[in-house]
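The values are calculated or read from the model by the stated rules, or taken from the named source; none is laboratory data. Nothing here was measured: the structure is a model prediction, and the numbers come from that model. Note: ideal-geometry Cβ built from the backbone for every residue, glycine included; neighbour counts use all protein chains shown. The accessibility values were calculated without ligands, DNA or RNA, using every heavy atom of the protein model including side chains. Shrake-Rupley method; radii C 1.70, N 1.55, O 1.52, S 1.80 Å.
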Amino acid sequence: MRLNFLKSPTFFIAAPVIIGVCLLQMFPFSGFERLEWMTYDWRVRLAHEYPVGNVNDATNLGLVEISDNTIAAVNNGSVGFKYGLYWPREVYARAVHELSSQGAKAVAFDVLFPELRGGDPLVSLPDGTTISSDRYFARQIKESGDVILGADQDLLPARMFRTNAWRVANISVQRDGDGVLRRARAYQDYRLWHPFIEQIAYEWGLNLSKTIIETNQITFARQIKGETIVFPLDESGEIATTNLTHHPPPGVPDKFAPFTPYRAWSMGIVLAARELGLDLEHPEFKPGSVILHGTGGLTRTIPVNADGYSYIDWSLALNDPRLAQGSLEELLRWNIDRSKGMEVTNYWTNKLLVIGSTATGSELADVGATALQSSTFNVTEYLNVANSVITGRFIQQTPLPVNLLLIVLAGGSSAWITWVVRRPGTGPLLMLGFAVAYVTVAVDLFFRYRLWAPIILPMGCAGTIAMWVLTHRVRVEQMERKRVKQLFSRLVSPDVVNEVLAASTLTLGGVRREITVYFADIRGFTELTDITQAHATEHIERNKLSPVEAEAYYDAQARETLGTISLYLGTIADIVKHRKGLLDKYIGDCVMAFWGAPLGNPQHAADAVRAAIDAQQALAELNAARAAQNRRLEEENLSRQRLGLVPHPLLPLLSMGTGINTGLATVGYMGSETHLLNYTAFGREVNLASRLEGVSGHGRIIIGEATYDALKRDDPKLAALCLEWPPRTVKGFRKPVRIYEVLWRVEGGLPPPPEENTEVRVIKPTPPTGAVTT
C-alpha cells in the first residue's frame, strides 16, 4: 500500500508542494505573513471574548486619561488654572504630586518631554517664592521617586527631567506592514550626549540623530545646508578638548566621551519591573529570549525575535473592568482639594499607572489599530506588556522545526485522504473536517497556553494538494477530449473546434451563407523547389556522395525547403486566425480561408481584407529581415570563397498573391461520416475568389465587386484604399468581372494592372543554393 502511494501521481503532486511550502515557511513571503497575522488577530479577539481557564491578570494596573474633557477643563480654568493646549509642565507636576500623595507605586508618562520651556509662567510656592514650571516638574519627579518618563526614537527627556526620574522607558511604536500594532520592542538603546555636545548641538543646530561615529572621528550633521562638523577621537573613543577650536566651558575635562550608552526598556517592562523587583541593569540574553531576574529567585523569560520584538498578549482593552481608570482633570481637582485640607480618597494607592492620551480632537490624539481592536488608543500597549510580564504569560510562537513538521503532516494527510478516498463528495468533506479539526486545535492552544501555531501555510499546503489532485483527476478524465481538440485546432479555426465539440453528433450537410472567401498563394515556390533540387543534385555529383550521404543531403534540403514554405504559410495562417477567420485548408503552397461561417460576422468582408493587408505587410517585413540577413551572408561568403570554403546558401525571398470575393456559398461538413469530415465552403463565389488570386500577380490583393461594395457599406476608409482596374475575363466565367486592387502600401505612382502570368523571375545565386526574388 505504501509503495503504491509513493508511485502514484498524488505523491508526485504532494511532494513538490510540501517542499515549496516549507521553503515559504523558512523564507517568509510578506503576503502569507500578513494572512497569518490576520489569523493571529482573530485568535487574540476570540481569546479576549471567550477566556479559557483561570486567567490571572494583574489587578493593580491603571490608566490616567488625558481626554478631550481634560483639555476643556484646563482650558476653562475649572482645575485651578487656565492654559491652552501646550500646557506648562506645572500641570503634570501637580498630577505627579497628587499621585505620590495617594501612594501610587509607579507613574509612567506616555508623553514626551524632550526640551525645556523657558517661556512658561512661573509657579508660586507655599513659601511665597517662585520657580520655573520645568524646575517645579523636575522637583516633583524627584520627590515622588517613582516616575517613569518616555523616550521615542531619538527623543530622550531633557536632562533635568531624566536625571530626576526613576527610569526612562521606550514608548516608540512599531507597527507591522499592514498598519496593525502587534509587537513591542523589549528595549531601545540610546545615546546620552555629553552636556558640552548638547550645548554645541543647540548653538550650531546639529541633528544628533544623523551623527556618524567612526574609530577615529565623530561627524555631526547640521540641520541646515547639509554641513558637517568633525571632531577627532582618540584610541579610547574620547574627544580631546585641546583639539577643538570651540573652547568648552569650565569644568569640562581635557578628554571626555561624547556620549554614554543608555538602554531604555519598554514602558510595560519597566512598570512590571517596579512591581516584581526585576533587575533591568543585568539582563541575560539567550537566542530568542531575554531573561530578567528579580528578588527571591523570581525570573521572567521574555520571548523576542532577532530584532528584539515580542508579540503582545492583548488581554486588556481600554475600558476593561480589571483596569483602574481615571482622568487627569480629576487628579488636578483632587490636588486642589488636598491643598485646601479637604479629605481625598486615595484611589491610586499601590497602582502601576500610565498617564496617556485618549483625546480625539487635538494634536494629542494617539490612535491606531491593534490585534485586539481595529481602532484604539496606543497607550494600552504598555498596560498589556506590563500585564504579560507580571503574570508571566507571553505569546510563544512554535519554532521553525515544529512549523515545518506541521506543514508536512497537513500536506501528507491531505495527500493520503485524496489518494484513498475517490468518491467525489466524500473526499472534500473529509478534507473540510480535517481543516476544522486543525484550526480548532490551533485556537485551543492559543486560548490555553498562548501558543501561536501557524494556520495559513499548513492549511494552504493541504488545500493546494487537494485542489491539484482533484484537478489532475479531472484532467485525466478529459485528456482524450483535450487531445482531440489540440490536434484539431492546429488544422482549423478554434471557432469550428468549439462548434464541433459543442455538437452532440456531426452530420453531412450544408447551408447557404453569405461569406467572404480568401485565397493566398505563395509565388515562386515551385521554381524554388526546382532550383533547390537541381543544386542538390549538382552538389551530390560534384562531391561524389555515397547513396546514404546523398539521401541524407536530399532530406536536409527538403527540410529546409519545407521550413521556408511553412514559415510563410504559418505567418498567413496566424493572421487569419487572429482576424477570426476560418482557416479551411492548405492547397500546396496556397491558403484558403473564409469569414461569415460557422459563426455569423456582419463585417466579414472588412475582416477578410484587413487580414489580407496584415498578411502582405507581415510578409514584407519577413522578406526585409531575410534580405538583411542575406546581405550579411554575402559579405561572409566573400571571405569563405577566398578561403576555399563552400559559401552559405542565401535565404529565399517569396511573395504572395491574394484573391478575395464575397457572396453566397454552401458551407458545411463534407467527407465521410465514418472516416473524415471537413468544414468547408464551395460554390461560384468561392471559385471566383480562387480565380482572382490567379490574376493577382506578386504582392497584390485583388477583390471582387461584391467585396468592394461591402467595404463601401461597412468600412469606407478601407474602401478608399481600393483602386478599380478594367474588367477581366477569368477562367470559368463567360462575362468579364469587375476587379479592384487594395493598395496596402504607399508607392510612387500607380502600379500597372495585374497580369495573368504568375511565374517569377529567379536570380540565380552562387551555388549550391540561391535566393528567389521578385
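Taking the conditions (1) within 23 Å of Leu280 (Cα to Cα); (2) at pLDDT below 95 in turn, Arg167 satisfies each one other than (2).
Look at Ala306 and say whether it is in contact with a Leu (Cβ under 8 Å, 6 or more places away or on another chain), hydrophobic (A, V, I, L, M, F, W, C) and open to solvent by 20 Å² or more (accessible area, probe 1.4 Å). When the stated conditions are applied, Ala306 does not pass them.
Take region 60-71 and flag every residue that is open to solvent by less than 50 Å² (accessible area, probe 1.4 Å), outside any strand (DSSP E or B) and out of contact with any Lys or Arg (no Cβ under 8 Å at 6 or more places or on another chain). Break it down into steps so the answer makes sense when it comes.
If we filter region 60-71 for residues that are open to solvent by less than 50 Å² (accessible area, probe 1.4 Å), which is where we start, we get 60-67, 70-71.
Going one step further and asking which of them are outside any strand (DSSP E or B), we end up with 60, 67, 70-71.
Across region 60-71, the qualifying residues are Ser67, Thr70, Ile71.
Checked against the criterion of being closer than 22 Å to Met267 by Cβ and charged (D, E, K, R), the candidates Arg159, Arg135 yield just one match: Arg159. Only one entry of Thr537, Thr532, Thr507 meets the criterion of being within 29 Å of Ala593 (Cβ to Cβ), open to solvent by 30 Å² or more (accessible area, probe 1.4 Å) and at pLDDT below 85, and that entry is Thr507. If you filter region 86-137 down to residues that are over 18 Å from Lys340 (Cβ atoms), of a type in the set (S, T, N, Q) and out of contact with any helix residue (DSSP H, G or I) (no Cβ under 8 Å at 6 or more places or on another chain), you find that the one that is most open to solvent (accessible area, probe 1.4 Å) is Thr130. Residues of region 25-59 that are surrounded by fewer than 20 Cβ atoms within 10 Å (Cβ to Cβ) and under 19 Å from Ala386 (Cβ atoms): His48, Pro51, Val55, Asn56, Asp57, Thr59.
Residues checked against (1) in contact with a His (Cβ under 6 Å, 6 or more places away or on another chain); (2) open to solvent by less than 60 Å² (accessible area, probe 1.4 Å):
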position: Thr241; (1), (2): no, yes
position: Pro250; (1), (2): no, no
position: Tyr262; (1), (2): no, yes
position: Val270; (1), (2): no, yes
position: Arg274; (1), (2): no, no
position: Asp279; (1), (2): yes, yes
position: His282; (1), (2): no, no
position: Val290; (1), (2): no, yes
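The set of residues in region 434-461 being aromatic (Phe, Trp, Tyr), open to solvent by 40 Å² or more (accessible area, probe 1.4 Å) and under 13 Å from Leu46 (Cα atoms) is empty. Somewhere in region 197-210, is a residue within 30 Å of Thr380 (Cα to Cα) and either in contact with a Lys or Arg (Cβ under 7 Å, 6 or more places away or on another chain) or loosely packed, with under 14 Cβ neighbours inside 10 Å (or both)? The answer is yes, given that some residue of region 197-210 is within 30 Å of Thr380 (Cα to Cα) and either in contact with a Lys or Arg (Cβ under 7 Å, 6 or more places away or on another chain) or loosely packed, with under 14 Cβ neighbours inside 10 Å (or both).
Checking the structure you have, find out if any residue of region 183-194 is surrounded by 14 or more Cβ atoms within 10 Å (Cβ to Cβ) and not in a strand (DSSP E or B). Yes, because at least one residue in region 183-194 is surrounded by 14 or more Cβ atoms within 10 Å (Cβ to Cβ) and not in a strand (DSSP E or B).
Take the residues in region 255-306 that are of a type in the set (Gly, Ala, Ser) and within 17 Å of Asn170 (Cα to Cα); name whichever of them is farthest from the chain's Cα centre (by Cα). Quick ask: steps written out before the conclusion?
Of the residues in region 255-306, the ones of a type in the set (Gly, Ala, Ser) are 257, 264, 266, 268, 272-273, 277, 288-289, 294, 296-297, 306.
Add one more test, that the residue is within 17 Å of Asn170 (Cα to Cα), and what stays is 264, 266, 268, 272-273.
On the way: Ala264: 36, Ser266: 33, Gly268: 35, Ala272: 41, Ala273: 42 Å.
Once the filter is applied, the top-ranked residue is Ala273.
Looking at region 640-662 only, could you name the residues that are open to solvent by less than 30 Å² (accessible area, probe 1.4 Å) and either β-branched (Val, Ile, Thr) or at positive phi (or both)? Across region 640-662, the qualifying residues are Thr658, Ile660, Thr662.
For region 689-727, the candidate set comprises residues that are open to solvent by less than 50 Å² (accessible area, probe 1.4 Å) and free of Cβ contacts under 8 Å to residues at least 40 places away in the same chain; within that set, the residue that is nearest to the chain's Cα centre (by Cα) is Ala719.
Can you pull out every residue in region 586-612 that is open to solvent by 60 Å² or more (accessible area, probe 1.4 Å) and either touching a residue at least 12 places away in the same chain (Cβ under 8 Å) or not in a strand (DSSP E or B) (or both)?
Quick first cut of region 586-612, residues open to solvent by 60 Å² or more (accessible area, probe 1.4 Å) only: 586-588, 599-600, 602-603, 610.
Correct list: Tyr586, Gly588, Leu599, Gly600, Pro602, Gln603, Arg610.
Residues that are surrounded by 13 or more Cβ atoms within 10 Å (Cβ to Cβ), of a type in the set (D, E, K, R) and over 30 Å from Gln25 (Cα atoms) do not occur anywhere in region 377-395.
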